[in-house]
1. Tally Lys and Arg at +1 and Asp and Glu at -1 over the other residues with C-beta under 12 Å from the C-beta of Arg113: what net charge comes out?
2. What's the magnitude of the charge dipole for the chain around its Cα centre, counting Lys and Arg as +1 and Asp and Glu as -1 at the beta-carbon? Answer in Debye, nearest 20.
3. Nearest 500 deg cm²/dmol is fine: what mean residue ellipticity at 222 nm does the chain get from its DSSP H runs of n ≥ 4 alone, each adding -39,500 (n - 2.57), divided by its residue count?
4. Quick one: net charge around Pro176, please, counting Lys, Arg +1 and Asp, Glu -1 for every other residue with C-beta under 10 Å from its C-beta.
5. Putting +1 on Lys and Arg Cβ atoms and -1 on Asp and Glu Cβ atoms, find which of Asn7, Cys93, Pro118 reaches farthest to the positive end of the dipole of the range 1-149.
6. Out of residues 5 or more away from Val34 or on other chains, whose amide H comes under 5 Å of its own, with H placed 1.01 Å from N in the peptide plane?
7. Along the principal axes of its C-alpha atoms, what lengths does the chain span, in descending order and rounded to whole Å?
8. Counting only complete DSSP H runs, which helices of the chain cover 20 Å or more along their long axis at the Cα atoms and score a mean Kyte-Doolittle of -1.0 or above?
Amino acid sequence: MNDPKQNWQAIQNRIREYEITYHRKPHSVTLLVVTKGQPVEQLERLFNLGQTAFGESYLQEALPKIAALSAKKIEWHFIGPIQSNKTKKIAECFQWVHSVDDKRILKRLSDARPVDLPALNICLQVKLSKEATKSGVDSAELTDLADYAMTLPRLKLRGLMTIPAPETAFVDQCIPFKQLHALLSQLNENNRGLDTLSMGMSDDMEAAIAEGATLVRIGTAIFSS
Ligand SMILES: *Cc1c(COP(=O)(O)O)cnc(C)c1O
């Protein structure tokens, strides 16, 4: 188990550097550390360095980690595919869900969100490139889904998320991120007040920040040796 400290620090430094390069406000980009497949000790190490936002993709894997770290002030983000029988636990144990593309799931999350907790933060997952993933709402249906999400009392719609098809060239990586940013701007023309663009992973983080990401989801670049 390698110590993620140096990689984590290097990623934080790169984020701050890209904020300057691409004329982003200082600290306008948040690092979400993606810890799927990582043991709870690794999360603890990063928490002790000051990392407080963690992303998990699989509920069964996440629940024991959340329980083990329940005394710490951690913000848990669910970023994986959501089956309807998992919505209750997700609504109870996470503060954010990034991967919703369907009204039925939105309704179930709102219904299950405990009343003593703040509204559950939601990003709608948008499908922008055909090959990338089966998940995500088509951009043509996005406005309808966003309006529906905003009617649900226990949800707070925060923004959009996407997982583009892998591209190696920087200019190609930028295309879907620019599209997602444009979709968020369109939604905000009608005062929806959305503030989150969840985009960029280990291999395309720079392009995502260049195009306006407010939250990057990074796993491999932190945990690989
Ligand atoms: C695993 C995962 C990530 C992290 O990807 P890396 O390439 O390891 O940085 C980000 N977002 C989602 C939705 C993931 O499932």
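Derivation of every value follows stated rules applied to the coordinates shown; laboratory data play no part. Predicted, not measured: the structure shown is a model, and the values here were computed from it. Counting neighbours? That spans all protein chains shown, and the Cβs are built from the backbone with ideal geometry, glycine included.
1. On the way: positive: Lys88, Lys89, Lys107, Arg108, Arg154, Lys156; negative: Glu92, Asp111, Asp116.
That works out to +3.
2. On the way: 27 positive and 26 negative charges, 138 e Å.
Using only the charged Cβ atoms, the result is roughly 660 debye.
3. Numbers: 9 runs with 94 residues, N = 225.
That comes out to -12500 deg cm²/dmol.
4. Net charge in that neighbourhood comes out at -2.
5. Asn7
6. Gly55, Ile218, Gly219
7. Answer, in whole Å and largest first: 43, 41, 32 Å.
8. Span-like helices in the chain: 170-189.
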